[in-house]
Structures are given as C-alpha cells and as structure tokens.
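J.: Before we start, here is the structure in question, set down as structure tokens.
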Amino acid sequence: MSGTWWGRTEGRVLSGVLWVGLAAVGVLGVAAPVARIAGLAGREVRIPVALEEAAAVPAAAAHGRVALEGAREGELVVADPTVAERVLAEAPTLLAALSAVAVLLLLLRIAAAFRKGDAFAPGNAGRLAAVALLVGIGTLVVPPVRALAADRLAAPAPEVEAAVVTGFSVPMAPLLAAVLIAALAEAFRYGARLREDTEGLV
C-alpha cells in the first residue's frame with residue numbers, strides 16, 4: 001500500500017489542515033486565555049451565560065464589579081477581576097482547548113501513518129480510542145465547569161446571580177461522535193489484527 005495517492009497527497013493535505021487547526025487552537029484557545037489570566041488583555045473578564053428571562057437585562061442586574069449584558073444569551077462581566085476570578089472565567093475555554101490540542105496531536109500521528117499508506121499501522125487503533133475518550137471527557141466536563149465558573153463569578157452580586165441560569169446541559173452530538181470514533185477504533189484494531197494474520201500466512 002505504500003506510495004498510494006492517498007498516502008502521498010491526501011496525507012499531506014490532511015496533515016496541513018491539522019497543523020493549521022493546531023496553530024489556531026493554540027493561539028485562540030490556549031495562548032489568549034493564558035494572556036487574559038495574566039492580566040495582559042483588558043481589565044475585565046467575560047463569560048457567556050444563559051439568563052432566566054428572555055427580556056433585556058435590567059439595569060439593576062449589576063452589583064459592584066459584577067454585571068450582566070445581553071438578553072437570553074448574555075455575558076457575565078467582572079471588572080478588575082482577581083487572579084482567581086480570571087482563572088475561573090478562562091477555565092472552560094482552556095479545558096476545551098487543551099482537549100482539542102491533544103486530539104489534534106493524536107490525529108497528526110494517525111495522518112502520518114496514512115501518509116505512508118499504512119492506515120492500519122500499529123497504534124492507530126489506540127490513538128483513535130484515545131481521541132474518543134478525550135472527546136467524551138471534554139463533552140462531559142466542560143459544561144459543569146462553565147456552570148460552576150458562572151455561579152462563582154456571579155455569587156458576589158445577588159441581583160446578577162438571580163438572573164443567571166445556574167444549570168447546564170451536555171450536548172449529545174459530541175457524545176455520539178465519541179461513540180462513533182470508538183467504534184472506528186475497534187474497526188482499525190480488527191483491520192490491524194487481520195493484516196497481521198494475513199502476513200503470517202505468507
């Protein structure tokens with residue numbers, strides 16, 4: 001299979017796309033939040049929140065350094081945040097971005113095998129299983145962390161806290177994707193085992 005069109009051309013294209021994605025996630029999802037935590041990007045932090053009422057946020061929904069902006073999908077704004085508040089605000093983004101970085105690095109390893117025309121290379125099944133696990137964990141962990149961050153950031157302002165929806169929901173599409181990737185990992189594991197058995201007969 002070595003030297004096939006997929007192995008040479010599509011493998012390079014796939015690797016290029018993954019590297020671009022890795023760079024984008026690294027800058028926007030990791031470097032930018034770290035800069036905000038360090039206080040290098042403004043004197044306030046913002047976190048998206050769902051509000052209890054569909055109407056515009058009343059002017060009273062503000063207290064000291066904490067305020068709300070927007071309507072049904074609003075933003076919780078904390079002026080002059082402490083380091084702890086910056087960490088809370090950026091934690092959901094950082095967790096999601098670090099998970100995405102790990103997934104992209106695994107996919108780059110898989111793409112390297114594809115580039116050599118060896119889709120069933122040893123290790124690819126394990127890498128796909130790790131991708132499925134990361135997607136599943138990220139999907140389950142990020143929403144409650146975001147809800148906890150919003151709750152803690154709004155806590156000093158009773159009017160704001162009363163207007164913010166404190167619950168969270170887990171999106172089903174990424175969980176379904178994780179299940180499908182896990183099934184694909186099993187298919188790769190079966191393919192690798194079948195190839196080994198076939199080579200043993202030659």
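The values are calculated or read from the model by the stated rules, or taken from the named source; none is laboratory data. Given the structure is predicted, the values throughout are model-derived calculations rather than measurements. Quick reminder, even Gly has a Cβ in these numbers, built from the backbone with ideal geometry, and neighbours come from all protein chains shown.
J.: Among the numbered conditions (1) surrounded by 14 or more Cβ atoms within 10 Å (Cβ to Cβ); (2) more than 18 Å from the chain's Cα centre (by Cα), tell me where Glu196 comes up short.
T.: (1)
J.: Determine, yes or no, whether Ala192 is among the small types (Gly, Ala, Ser) and touching a Phe, Trp or Tyr at 6+ places or on another chain (Cβ under 9 Å). Don't jump to the end; show me each part of the working.
T.: On the way: among the small types (Gly, Ala, Ser): yes; touching a Phe, Trp or Tyr at 6+ places or on another chain (Cβ under 9 Å): yes.
The answer is yes for Ala192.
J.: Could you list, in sequence order, all residues of the stretch 113-129 that are surrounded by fewer than 18 Cβ atoms within 10 Å (Cβ to Cβ) and part of a helix (DSSP H, G or I)?
T.: Gly126
J.: Considering each of Val160, Val165, Val170, Val179 in turn, give the residue that is of a type in the set (Val, Ile, Thr) and surrounded by 17 or more Cβ atoms within 10 Å (Cβ to Cβ). First the steps, then the outcome.
T.: On the way: Val165 fails: surrounded by 17 or more Cβ atoms within 10 Å (Cβ to Cβ); Val170 fails: surrounded by 17 or more Cβ atoms within 10 Å (Cβ to Cβ); Val179 fails: surrounded by 17 or more Cβ atoms within 10 Å (Cβ to Cβ).
When all the criteria are applied, what remains is Val160.
J.: Moving to a separate point now. When the residues of the stretch 47-62 are filtered to those that are loosely packed, with under 15 Cβ neighbours inside 10 Å and of a type outside the set (Asp, Glu), which remaining residue is modelled with the highest pLDDT?
T.: Per the criteria, the residue is Pro48.
J.: I'd like to check something: does the stretch 37-46 contain any residue that is over 20 Å from Ala162 (Cβ atoms), touching a helix residue (DSSP H, G or I) at 6+ places or on another chain (Cβ under 6 Å) and at pLDDT below 90?
T.: yes
J.: Here's another thing I want to ask about it. Could you tell me whether Gly11 is surrounded by 19 or more Cβ atoms within 10 Å (Cβ to Cβ), modelled with pLDDT under 80 and either basic (Lys, Arg) or more than 25 Å from Ala157 (Cα to Cα) (or both)?
T.: So Gly11 passes the test.
J.: A follow-up question, please. Output the number of residues of the stretch 133-159 satisfying the condition of being under 17 Å from Arg46 (Cβ atoms), part of a helix (DSSP H, G or I) and not β-branched (Val, Ile, Thr).
T.: 9
J.: Scan the stretch 81-107 for residues that are assigned to a helix (DSSP H, G or I) and under 13 Å from Arg36 (Cβ atoms) and jot them down.
T.: The answer is Val83, Glu85, Arg86, Val87, Leu88, Ala89, Glu90, Ala91, Pro92, Thr93, Leu94, Ala97.
J.: Please identify the pairs in which a residue from the stretch 23-46 that is at negative phi has its Cβ atom under 6 Å from the Cβ atom of a residue that is of a type in the set (Lys, Arg), counting only partners at least 6 apart or on another chain.
T.: Ile37/Arg86; Val45/Arg86
J.: A further question follows. Look at Ala192 and say whether it is part of a helix (DSSP H, G or I) and modelled with pLDDT under 95.
T.: Values: part of a helix (DSSP H, G or I): yes; modelled with pLDDT under 95: yes.
Taking the combined requirement at face value, the residue satisfies it.
J.: So is Phe168 aromatic (Phe, Trp, Tyr), part of a loop (DSSP other than H, G, I, E, B) and touching a residue at least 40 places away in the same chain (Cβ under 8 Å) or not?
T.: Values: aromatic (Phe, Trp, Tyr): yes; part of a loop (DSSP other than H, G, I, E, B): yes; touching a residue at least 40 places away in the same chain (Cβ under 8 Å): no.
No.
Quick grid of which residues meet (1) out of contact with any Asp or Glu (no Cβ under 6 Å at 6 or more places or on another chain); (2) touching a residue at least 12 places away in the same chain (Cβ under 8 Å); (3) farther than 30 Å from Ala79 by Cα:
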site	(1), (2), (3)
Phe114	yes, yes, yes
Val131	yes, yes, yes
Gly138	yes, yes, no
Arg146	yes, yes, no
Ala150	yes, yes, no
Ala163	no, yes, no
